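What follows is calculated from the coordinates using simple rules that are stated; it is not laboratory data. Fair warning: this is a prediction, and the values are worked out from it, not measured in the lab. Please note: Cβ atoms are built from the backbone with ideal geometry, for glycine as well, and neighbour counts cover all protein chains shown.
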Amino acid sequence: MSTSLDKVKALPNICGIEISTTGTMLPATIEGYEPFYNTIPSGADFKKTYTGKAAVAFREESTESNAGISYKQKLTIQFPVSDKARAKRLAYMQQVKYIKIVLSTGKNLLLGRNDFEQNIRPQVTIKTDERLGQVTFNTVSIFPTGYTPSLDTGLPAMFPISFIPDND
């Protein structure tokens with residue numbers, strides 16, 4: 001796969017967060033996806049998580065050491081916690097293995113896969129007050145965050161349709 005330094009056509013916004021406490025992540029085998037960086041979920045049960053557009057932030061930073069380059073990813077979400085599910089919701093966040101960042105371009109970034117086949121749970125930090133909770137997920141990987149395909153077509157599962165993502 002050649003490296004493209006062309007102008008990026010679309011600048012995405014984060015429009016959703018989904019989390020999973022199960023499954024594994026495998027290198028992508030989809031044509032047009034670079035298999036080392038991009039990921040296919042296997043057995044993951046992603047659940048949509050409420051967060052406002054202004055209450056979510058993602059950052060990625062590279063660091064060079066004697067062992068090579070590593071990438072630190074940080075995702076922070078904020079949401080109301082003043083209901084009866086408060087404690088259960090916050091405890092569930094501590095169990096998260098994978099986080100899917102849903103983008104406005106139809107692509108998804110995936111946090112939690114830190115090596116070609118190795119997956120280590122994110123470090124989770126929770127801060128709350130009487131109204132709001134803020135959860136920060138930190139991961140470290142040997143490669144930058146890659147995409148995972150959006151397989152939600154909106155069609156019933158009985159239709160055997162496979163959509164191949166574009167190469168943007």
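Details
- If R0 is taken as 25 Å, the Cβ-Cβ distance between T21 and N66 corresponds to a FRET efficiency of 0.15.
- A simple spin-label model places pseudo-atoms 7 Å from Cα toward Cβ; at A55 and A10 they are separated by 2.6 nm.
- Partner lysines for K88 [C-alpha distance under 19 Å; skip if fewer than 8 residues away on the same chain]: K47, K48, K97, K127
- Remark: spin-label model distance L132-S82 equals 1.2 nm, labels positioned 7 Å along the Cα→Cβ axis.
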